[in-house]
Structures are given as structure tokens and as C-alpha cells.
Amino acid sequence: MFTWIHRFGSAPNVYRLSGVLAPWFGVSAALCIIIGLYLGLVVAPPDYEQGESYRIIYIHVPAAWMSMFAYVVMAVSSAIFLIWRLKVADAVAAAVAPIGAAFTAVALITGSFWGKPMWGTWWVWDARLTSELLLLFLYLGYMALRGALAAPGESSAPSTTAARGAAILAVVGVINIPIIHFSVEWWNTLHQPSTITRFDKPAMHISMLRPLLLMALGAQLLFFHNLTVRLRTGLLQRESRARWVRELAIAQSNTPPGDNTPGASSTVVPEKPEPSA
Amino acid sequence: MSIDAPSSGLLKGFGSVLRRDLLIGARSAGQWLNPLMFFVIVVSLFPLGIGPEPAQLAAIAPGVLWVSALLSMLLSLDSLFEQDRADGVLDQFVLGRTPLSVVVLAKVIAHWMLSGLPLLLLSPLLGLMLGLPVHALGTLGLALLPGTLTLSLIGAIGAALTVGLNRSGVLLSLLVLPLIVPVLIFGAGSVSAAAGGYETGAGLSLLLAMLMMALSLAPLATAAALRVGVASSEQS
Amino acid sequence: MTPRDPVLACENVSLWRGDAVIVEQLSLDVAAGEVLRLEGENGSGKTTVLRLLAGLVEPDEGEIRFRGERLPRAGRALADALLYIGHRPGVGGALHPDENLSVAAVIAGVAHAPDRHRELLTELGLGDRLDLPVAALSAGQRRRVALARLALEQRDIWLLDEPLTALDAAGLDWVGERIREQAARGGTVVFTTHQMLELPGVAVRSHVLQTPDQSE
């Protein structure tokens, strides 16, 4: 089991596998999101209570789900890194953090948009929005710690110690998230008895539910697309001293002359993706 | 005062470190006095910013007291391991036979006795100044006791993660504040409930539960973080 | 290296800090009864090598072995056999010299003897400084407080970072005497220094650390 993990989790393997998977994730995410948006924004009927404004759930709910999911992925890979010292697991955690933060930000912004027509204000201290805000703080803290622990002038490879510090924080954070969530719920019922139950209507019509599920699937695929692309970049950066990266670079630069255009070299170092929802 | 320790083993190490840190605290009054003064000043700023209306002040008093207490404790957490690192004592703690998590627990308890306990003793006075009803003062103390101790424990993780970093104070707050939101919610919630004449048992029990959890897990995480900090802190 | 039974050895150890090479492909070992002096210019990684040997820092590549067993697995056993006095000597500034020694003794898990501590500190010329916080002492006096542990803790391996810095002639003699005793009883000493310390009757082996080439 142990050796299997290490062989499978070796950086070149993961790099290659991510390269194969990334385009598939990207294409299927685009398909899901395009069809989901069409069904959700055009085909689905308006809500009889909320009119057209409910449609923001097609962005908000998948983003909120993914914001939680991303933190769990980050914490689990951090734990794997701490236990088995698997460097690829740290690369995964480092790659996930900004994606998760982006999903969290999207959930917050769309949540506040939704609040305007519903409550007449841009922000309400609703339990879910507050939890989401605290989750954003956790992501920002994680990324700030990673940045601070990096050695001065260190642009690429994080030292093992920096990685371990960040991993400890991620694990501590994931233990705390349920407690934070529970306490915020408690606080919310204590201070403002819930007036409107938000999206959890007992029976959502199938024409509204179908696009929601499709968008959720799309967000999930988008997450994995971003993750695989970011992971490849991260692995190249942190393994820049390793032989497989040098061989890769040599193989790329040995392509026939004329092929050595900026376009060709961009396949070696994929551009950093902007996670968006 | 000497640092003789009773009995053997873990207790001996625990007692020795606890006494050491209390002794250091006793010799530098600023260490425990400054956070206390910060607490008093921050609490006094609220009426100035909001207005002297007694009913309004009484309504926000639990929240103000709790937020100020958390901030002033956070202020002193910054230095929890920093002096030991600069002196090289942290290396000795890491290599020593006393388990690092026991050393951490002793240091955290000492930190709490020097920062949390004075706050706790002063808080009824400030509560009265903000118009908190007298019958809520007992709950204030009962809630602050486990609450500040939990903060010391969780804050120690943040202090260990940022040990050796320049200007770590702001980063420490960024790491620790989201993690202690539950303490704030249940702590301030209990005091509000007591002020309004409601049942406070649930909030206080939850605070105690969180303290138990922090007591068992936080020293381990802090010790792990300190090993990381020691490994990265020094270069030739 | 000569074929023998090393107590502490590192093989092809490399350490980076970001893109900077701190230690590159270092191999060295020490045996029981041996005194090893690490030499090298500033930036050659002397302090880091000692911290690697103490198990405080983990290498990025290569391995460190204590009595044949790899770190970090052997880390606990190594720490129990170790007396490490770092570049920062490990004395708390607000405490008195004997209070420092007491805490150090409890943490290190050795017998705690306040009378012995005062006796030793007097021997080191600190007899009239026992009731002052260490922060009020000179750099050399502070180092003496830390070095007093050489006479208090019986450990197989001593790792001493610049133990001679800021010491006067009497202090140098005292440390030299302790190192000779340690080697005579079969202990191991690894230390870094800029000074040439004469140790009559003790063979001191030198290892010169090369400053890593950052050009790569």
C-alpha cells in the first residue's frame, strides 16, 4: 500500500496523468455549464414567489458546494502529506487553495446579489453567508501563511517546512469548520429567527432542479480542470531541479527548429488558469 | 523563588516550564500589564464611538467585552514562543526529554494566567461600566474562564506556525480569529442570554466542550508546528 | 572516509532554501571518541549542518544516520544521546544563570542539583553574577552559562555551534578540558569555530565545508 502510493504519487506520473485528464475535464465542464445555463436561464420557468431573481442559484449553490468541497480536498491532501510525506499531496493542497477561495468569493458575491431583491439589502448576516465569509477568511489565512513561510526570494519550490506548516493549518481548519458552521447556525437562530428559508424548498420542480444538478456537475468538473492544470504548473515549478523536468525541457527544446515558437513552449509550462464560475 | 519541581517525569517538566514562564512574566510587568491596559482602553473606546446611551451600551456590552478580550489576548500571543526562539531555548525544548506537547501546555497555561486571568478579574468592572446587569456578571466570568483558555490553546497553534516570521502579528490574527469565532459566539451569546434573563446552560456547556477539545488536540498541533518553525528559523 | 563504525553520518545530504543551495551533496561521519571541527567561511552552512546532525532540520535529499538507523525515525534516540548548544545558546534572558540551568536540567531529563549548578557557575567565574538576569551579562558570560551544561549532562554526542566565541583564555581552557574529557570517555564532539583551539592529547579532525555554488 505504502509503496503503491509513492509510486503512483510520483511527480512525473501525476504530471502526465493530469495532462491527459485536464482537457477532458475542461470540455465536459464547458458542456455542462453551457447546457445548464441554457436550461436554467431560458427554459426553466420563473419562480412564482421570487420571479426571475431566483435564477442566481444556478451559480450560487454550485459555488457554495464547491467552496466546502475544495477545503475538504485541501485538508485531506494536507493530511496525506503530513502522514506519508508525499510531496505531490502538498502540491495538490497548494493548487486547490486559490480555486477554493475563488468559489467561495463567487458564492459570497452571488449570495449578496440575491439578497438585494429578496431582502432589499446587499448583505444580510444570514447563517450561510456568514459561514461562507468565515470560510473565505480560512482560505485567505492559509494562502497568507503559505506566502509568509516561503523563503525570501523563493518563487517556486516551497521548502518542506513551509509545506508542513501550511498542512497543519489546513487540518486544524477542517476540524474547526463543522464547529464554526454549527456555532453560526446557533447564533443565527438566537439573534434573528429565520424569516425566509432560502433555497431548500421541499419540492423543487424538475425543470428547475435539472439545470441546478447540471451546473453542480459542471462546477465539479471545472474544479478538476483547474486543479489538474494548476497542479501541472506547480509540479514543474517545485520539481525544477529533478531530472524528469530537465528531460522534459530538453525534449521540448529539441523539437525541430521553427517549431520552437512561444506557442510550442507554452505546452511545457501551462498558463495559470483564472478559476471562474 | 527557585525553579525546583515536585515529583517526576511529565509533571516535573510541566511544572518547571510553567514556573519558568510565570517567573519571566513576573520580572517583566509589561508582559501581563500591557494586554490588560489594551483591554480597558478598547472597551472604553466603544461608548465614545457609539454614544453614551445606556440601553444601547447594555445591549452591545457582551459583544464588546468579548471582542476586546479576544483581541487583547491575541496581542500577547505574538510573543508566546518568539523570545524562546530568539534565545535558542526552543531548540532545547524540541530536543528535550519532556514531550514537546507537555512543554507547550505548560507555556499556554502560563500565558493564560498572565493574560486571560487578569482580564477575567477585571471584566466585571468593565461590564458594570457598560451597563451590563449585575446578575449577568457571574455568567460573564463563567464564560470567559473556558473561553479565554480555549483562545490561548488555539492561539498557540497560530503563534507556533508564525514563529520566527517578521511582523507576524497581523498574520497571526488572520489565522486565529476565524478559528475562534465559535468561542466568541457561544461566549457572548451566553452573556447576552444571562442579561436578558434566559437560560445559559447550553452555551456554557458548549464552551466547556470546546475547551476539552482544544485541551486534547491543540498542544499536539502546536508541537508539530513548533518543530516546523524550528526547522525553518535559522540559517548559517 | 576510513572504514569504521560511525555514530553519526550524513550521506549526500542537500538542503535548499527556496532557490538557494544551503548544503550541497555533503557526506561526512564521526565515530565514538572522535572530535570533529567543522570549518568554512561564512555562508558555508556550518550552523545548518549542525542542525541537520541534531535532527532539528530535515534534509531535502540524502540521509542522516544515527548508529546506522535513519533519521527522522531515529530522531528520539538521537535527541536522548545528544547535547546540542546552538548558535543561540539556549539561555533565557530574564532568568538568572542557575534558574536557566535548572530548567535545562529538567527538560533534558537529568538529575537536578542546584548546589552543583552554583558551584559550577562559580568555577566558570560567574560567582558574583548568580542573582542577575542573564540579559545583564556579557556575551562571553552568557555563553559560559550555556556551556556549563557540558559538565552537567552526560551525553554521547556533543554538537556545539561556535562554543568558543566571546570566551577569554580561561574560558577556552575550560572548554578544551571538557572536550578532552568527553573524547577520553569515548564520547563524540562536533563543533564549529573560527578560532584555532589547541587540545593537547586530543586528535581533532577538521572538515572544511565548501560554500555551495549558487550559479546553477
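Quick notes on this one:
- The set of residues in the stretch A:12-68 being more than 19 Å from the chain's Cα centre (by Cα) and among the aromatic types (Phe, Trp, Tyr) consists of A:TYR38, A:TYR48, A:TYR54.
- Taken together, the criteria exclude A:GLY173 from residues that are closer than 30 Å to C:VAL57 by Cβ, at pLDDT 80 or above, surrounded by fewer than 17 Cβ atoms within 10 Å (Cβ to Cβ) and among the small types (Gly, Ala, Ser).
- Members of the stretch A:188-212 that are in a helix (DSSP H, G or I) and either touching a Pro at 6+ places or on another chain (Cβ under 9 Å) or at pLDDT below 75 (or both): A:LEU190, A:HIS191, A:SER207, A:MET208, A:LEU212
- Any hit, the stretch C:186-201, residues being under 30 Å from C:ALA113 (Cα atoms) and in a helix (DSSP H, G or I): no
- Single unsatisfied condition, B:GLU53 versus (1) surrounded by 14 or more Cβ atoms within 10 Å (Cβ to Cβ); (2) of a type in the set (Asp, Glu); (3) more than 14 Å from chain C (Cβ to nearest Cβ): (1)
- Residue that is among the aliphatic types (A, V, I, L, M), surrounded by 15 or more Cβ atoms within 10 Å (Cβ to Cβ) and modelled with pLDDT of 90 or more, where the choices are A:ALA44, A:ALA94, A:ALA30: A:ALA94
- Being touching a Pro at 6+ places or on another chain (Cβ under 8 Å) and either surrounded by fewer than 22 Cβ atoms within 10 Å (Cβ to Cβ) or under 24 Å from C:LEU101 (Cβ atoms) (or both) holds for only one residue in B:LEU105, B:LEU95, B:LEU117, and it is B:LEU105.
- Only a single item in (1) at positive phi; (2) away from chain C (no Cβ under 14 Å) is not met by B:GLY88, and it is number (2).
- When B:ALA26 is tested against the conditions (1) in contact with a helix residue (DSSP H, G or I) (Cβ under 6 Å, 6 or more places away or on another chain); (2) assigned to a helix (DSSP H, G or I), the lone failure is (1).
- Helices (runs of 4 or more DSSP H) lying entirely in the stretch C:40-147 (those with 1 or more residues that are without any contact (Cβ under 8 Å) to a residue 12 or more places away in the chain and either of a type outside the set (Lys, Arg) or facing chain B (nearest Cβ under 9 Å) (or both)): C:75-80, C:97-108, C:114-123
- Enumeration of residues in the stretch A:213-246 that are modelled with pLDDT under 85 and farther than 24 Å from A:ALA97 by Cβ: A:ARG243, A:TRP244, A:ARG246
- Unmet requirement for B:ALA58, which otherwise passes all of (1) over 13 Å from the mean Cα position of the chain (by Cα); (2) surrounded by 22 or more Cβ atoms within 10 Å (Cβ to Cβ): (2)
- Matching residues, the stretch A:14-33, being under 14 Å from A:GLY218 (Cα atoms) and aromatic (Phe, Trp, Tyr): A:TRP24, A:PHE25
- Yes/no for A:ALA75 being hydrophobic (A, V, I, L, M, F, W, C), surrounded by 22 or more Cβ atoms within 10 Å (Cβ to Cβ), modelled with pLDDT of 90 or more and part of a helix (DSSP H, G or I): yes
- Selection status of A:ILE109, surrounded by fewer than 20 Cβ atoms within 10 Å (Cβ to Cβ) and away from chain C (no Cβ under 14 Å): yes
- From B:PHE81, B:PHE39, B:PHE93, residue being away from chain C (no Cβ under 14 Å) and touching a residue at least 24 places away in the same chain (Cβ under 8 Å): B:PHE39
- On the stretch given as the stretch C:194-206, residues that are at pLDDT 85 or above and buried (at least 16 other Cβ atoms within 10 Å of the Cβ) total 1.
- Residues (at pLDDT below 90 and over 18 Å from A:THR189 (Cα atoms)) located in the stretch A:112-140: A:SER112, A:PHE113, A:TRP114, A:GLY115, A:LYS116, A:PRO117, A:MET118, A:GLY120, A:THR121, A:TRP122
The values are calculated or read from the model by the stated rules, or taken from the named source; none is laboratory data. Given the structure is predicted, the values throughout are model-derived calculations rather than measurements. Cβ atoms come from the backbone with ideal geometry, glycine included; neighbour counts cover every protein chain shown.
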